[in-house]
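Read-outs: derived from the displayed coordinates by stated rules, not from any lab. Remember, predicted model here, so these are calculated numbers, not experimental data. With ideal geometry, Cβ positions are generated from the backbone for all residues, glycine too; neighbour counts draw on all protein chains shown.
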Amino acid sequence: MLERIVVDEAVWELRPDFAVLVMTAKGLENGPSDERSEGWLAQAALKAGDDPHVESWRQAYRAFGAKPQRTRPSVDALLRRAGALPSINRVVDAYNAVSVEYALPIGGEDLDAYQGPARLVRATGDEPFDVIAGGEPAVEHPVAGEVVWRDDAGVTCRRWNWRQCVRTRLTEDTVNGIFLLERLEPYALDRLAEAGDELAARLRAISPGARIETRLIGRP
């Protein structure tokens, strides 16, 4: 899976400074949030602060036509809620806490729900994106030119890292996960690697037998 993940050239043309650290974790033992995972969220809230990386993401959103005040980059939205971060489940709590501590967009999804490899592209506008609307399953579509993560079945995350689909969401029953840690300049690659190491350590704390692999993807 890791070697088949690609970033389309149209995305590189938009932001040649983009890089993503992709992590797979197999053999997860997820479950409801507990004292430890909630403690990670509380600790992250104490470390939250302004970071130039957030503004880089706002600029990237504007570059493909999104309004970051209305649909915020994931790290921007989390930092604004840092004092009251919701607990979801142990694994989601882990990556949300690292996202806030490192001012870094991180997405986590169920690897087994993927159909084909993940790829970052600019949307045509006809790709399906499954959501829950009014309590019922629904299908939306991205705007043409929008940056999206997708697989063979459709969009897995809209507006780069704004909103994940229902199909691949990481639940308490997830056994194999994939995590996307995304950076733009001026965010240092060393800091990105440190964030990845911290996430891997927390996943191993939750699941001592987890098998973790990573791959850094940057512009060739």
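Would you be able to say whether some residue in region 156-165 is touching a Phe, Trp or Tyr at 6+ places or on another chain (Cβ under 9 Å), of a type outside the set (D, E, K, R) and part of a helix (DSSP H, G or I)? Before you say what the answer is, go through the steps one by one.
So in region 156-165, the residues touching a Phe, Trp or Tyr at 6+ places or on another chain (Cβ under 9 Å) come out as 156-165.
Those left that are additionally of a type outside the set (D, E, K, R): 156-157, 160-162, 164-165.
Filter once more, so that each one left must be part of a helix (DSSP H, G or I): none.
Checked region 156-165: no residue is touching a Phe, Trp or Tyr at 6+ places or on another chain (Cβ under 9 Å), of a type outside the set (D, E, K, R) and part of a helix (DSSP H, G or I).
Restricting attention to region 167-191, which residues are under 11 Å from ASP110 (Cβ atoms) and aliphatic (A, V, I, L, M)?
Listed by number, the residues that qualify are LEU170, VAL175, ILE178.
Would you be able to tell me the number of residues in region 94-141 that are surrounded by fewer than 22 Cβ atoms within 10 Å (Cβ to Cβ) and not basic (Lys, Arg)? Give the steps one after another, and end with the answer.
Of all residues in region 94-141, those surrounded by fewer than 22 Cβ atoms within 10 Å (Cβ to Cβ) come to 101, 110-117, 119, 121-128, 130-141.
Those left that are additionally not basic (Lys, Arg): 101, 110-117, 121, 123-128, 130-141.
Looking only at that region, the number is 28.
Go through the residues of region 170-189 one by one and say whether even a single one is free of Cβ contacts under 8 Å to residues at least 40 places away in the same chain, surrounded by fewer than 24 Cβ atoms within 10 Å (Cβ to Cβ) and not acidic (Asp, Glu). Break it down into steps so the answer makes sense when it comes.
First, pick out the residues of region 170-189 that are free of Cβ contacts under 8 Å to residues at least 40 places away in the same chain: 188.
After this cut, where a residue has to be surrounded by fewer than 24 Cβ atoms within 10 Å (Cβ to Cβ) as well, the list is 188.
Right, trim to not acidic (Asp, Glu) and you get 188.
Yes - at least one qualifying residue is present in region 170-189.
Filter region 122-155 down to the residues that are touching a Phe, Trp or Tyr at 6+ places or on another chain (Cβ under 8 Å) and not in a loop (DSSP other than H, G, I, E, B), then identify the one that is nearest to VAL91 (Cα to Cα).
TRP149
Residues to consider are LEU120, LEU180, LEU199, LEU170; find the one that is among the aliphatic types (A, V, I, L, M), within 19 Å of GLN59 (Cβ to Cβ) and within 17 Å of the chain's Cα centre (by Cα). Can you show your working first?
On the way: LEU180 fails: within 19 Å of GLN59 (Cβ to Cβ); LEU199 fails: within 19 Å of GLN59 (Cβ to Cβ); LEU170 fails: within 19 Å of GLN59 (Cβ to Cβ).
The conditions single out LEU120.
Does region 190-216 hold any residues that are crowded, with 17+ Cβ neighbours inside 10 Å and either touching a strand residue (DSSP E or B) at 6+ places or on another chain (Cβ under 7 Å) or in a strand (DSSP E or B) (or both), and which are they?
Answer for region 190-216, where residues must be crowded, with 17+ Cβ neighbours inside 10 Å and either touching a strand residue (DSSP E or B) at 6+ places or on another chain (Cβ under 7 Å) or in a strand (DSSP E or B) (or both): LEU192, ALA195, GLY196, LEU199, ALA200, LEU203, ALA210, ILE212, THR214.
So which of PRO142, PRO105, PRO137, PRO128 is under 30 Å from ALA48 (Cβ atoms) and in contact (Cβ under 8 Å) with a residue 24 or more places away in the chain?
Working: PRO142 fails: in contact (Cβ under 8 Å) with a residue 24 or more places away in the chain; PRO137 fails: under 30 Å from ALA48 (Cβ atoms); PRO128 fails: under 30 Å from ALA48 (Cβ atoms).
None of the other options fit; the residue is PRO105.
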